[in-house]
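The values are calculated or read from the model by the stated rules, or taken from the named source; none is laboratory data. Since this is a predicted model, take the numbers as computed values, not measurements. Backbone-built Cβ (ideal geometry, glycine too); neighbour counts: all protein chains shown.
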Amino acid sequence: MLNFEFKNPTKIIFGKDEIAKLEKEIPKDAKILMLYGGGSIKKNGIYEQVKTALKDFEVEEFGGIPANPEYEVLMEALKLIKEKNITFLLAVGGGSVIDGTKFLSAAANYEGEDKWEILTKPVRTFEGEGMPFATVLTMPATGSEMNSGYVVSRRATNEKLSTGGPGLFPLFSILDPEVIRSIPKKQIANGIADAYTHVLEQYMTFPTFATLQERFMESILQTLQEVAPKVLADEFDYDAAGNFMWR
């Protein structure tokens, strides 16, 4: 086995109706920027749940973060962060929204004028350097809700780069399996395939002598295989959705 250090400070809040706990988890004096994707959260009730939980906070919104979060779009969000004196970021979405939020956390306090160099150098963000952020997960797939890495694309230069750092773990992530109920089956299938592929690509990497980690990965792959038909069935299965979200 190779040398490694392991620390994961992200608090996981798992279960039905737990989105309401946003009110208690975010600092009372926070000025929040809520970030999301194409707007599906406004159709499935998640948006209203989040807004209700944040009714006593000052909240700005930035929507439209695309799949494979784009640098140009994120720079518009960064302008809003500066203009509105935002102090806390809340990602409501899947891996792309969360990855974009991690970049914004790193860029918000980065002193260099060219924020893209965070990815080209790359620059790792350490504890206390990024803007604090949290997530409300809407689509399980990449595990971005409980890790510190992210990927950003730049269409103008046809680049897709990644970095991260110990300062980019979400403070907390809310995982409510009920959100799976309202996701289109095609998107769920994509999420299952994405999650499976992310695990499989690590499992197939050699040489390795990390037997315990391999058993972890095998259990995740087996779980995804077992719950996939139930998650994709017409009748909602909360336990299957929960195992998919926690995979």
What is the number of the single condition among (1) part of a loop (DSSP other than H, G, I, E, B); (2) surrounded by 14 or more Cβ atoms within 10 Å (Cβ to Cβ) that Lys21 does not meet? (1)
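In region 55-72, how many residues are buried (at least 17 other Cβ atoms within 10 Å of the Cβ) and either modelled with pLDDT under 95 or part of a helix (DSSP H, G or I) (or both)?
Count: 1.
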Contact list please: Cβ distance under 6 Å, first residue in region 1-24 and closer than 19 Å to Ile98 by Cα, second residue of a type in the set (Asp, Glu) and surrounded by 15 or more Cβ atoms within 10 Å (Cβ to Cβ), pairs at least six apart or on different chains. Glu18/Asp176; Ile19/Asp176
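Report whether or not Phe206 is over 17 Å from Gly100 (Cβ atoms) and surrounded by 20 or more Cβ atoms within 10 Å (Cβ to Cβ).
For Phe206, the condition - over 17 Å from Gly100 (Cβ atoms) and surrounded by 20 or more Cβ atoms within 10 Å (Cβ to Cβ) - is not met.
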Per the list (1) surrounded by 13 or more Cβ atoms within 10 Å (Cβ to Cβ); (2) part of a helix (DSSP H, G or I), residue check on Lys186 breaks on (1)
Hey, can you tell me all the residues within region 87-118 that are within 19 Å of the chain's Cα centre (by Cα), crowded, with 19+ Cβ neighbours inside 10 Å and not in a helix (DSSP H, G or I)? Phe88, Leu89, Leu90, Ala91, Val92, Gly93, Gly94
I'm trying to understand the selection: among the residues of region 119-137, which are among the hydroxyl-bearing types (Ser, Thr, Tyr) and surrounded by fewer than 17 Cβ atoms within 10 Å (Cβ to Cβ)? Thr120
If I go through region 31-53 residue by residue, how many of them are at pLDDT 95 or above and surrounded by fewer than 18 Cβ atoms within 10 Å (Cβ to Cβ)? 4
Near pairs, Cβ below 9 angstrom, 6+ apart or cross-chain, from region 26-48 (within 13 Å of Gly64 (Cα to Cα)) to any residue that is in a loop (DSSP other than H, G, I, E, B) and of a type in the set (S, T, N, Q): Tyr36/Thr138; Gly37/Thr138; Ser40/Thr138; Ile41/Thr138
Scan region 125-148 for residues that are under 10 Å from the mean Cα position of the chain (by Cα) and over 21 Å from Leu22 (Cα atoms) and jot them down. Ala141, Thr142
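Would you please name the residue that is nearest to Phe4 (Cα to Cα), looking only at residues in region 209-230 that are β-branched (Val, Ile, Thr) and either touching a helix residue (DSSP H, G or I) at 6+ places or on another chain (Cβ under 6 Å) or surrounded by 13 or more Cβ atoms within 10 Å (Cβ to Cβ) (or both)? Break it down stepwise before answering.
Just the residues of region 209-230 that are β-branched (Val, Ile, Thr), to begin with: 211, 220, 223, 227.
Going one step further and asking which of them are either touching a helix residue (DSSP H, G or I) at 6+ places or on another chain (Cβ under 6 Å) or surrounded by 13 or more Cβ atoms within 10 Å (Cβ to Cβ) (or both), we end up with 220, 223, 227.
Details: Ile220: 22, Thr223: 27, Val227: 32 Å.
Top of the filtered list is Ile220.
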Give all pairs with beta carbons closer than 8 Å in which a residue from region 119-147 that is in a helix (DSSP H, G or I) meets a residue that is aliphatic (A, V, I, L, M); count only pairs at least 6 apart in sequence or on separate chains. Leu119/Val152; Leu119/Leu161; Thr120/Leu161; Ser144/Ile98; Glu145/Ile98; Glu145/Leu137; Glu145/Leu175; Met146/Ile12
When Val152 is run through (1) farther than 20 Å from Thr87 by Cβ; (2) of a type in the set (A, V, I, L, M, F, W, C); (3) outside any strand (DSSP E or B), the failure sits at (3)
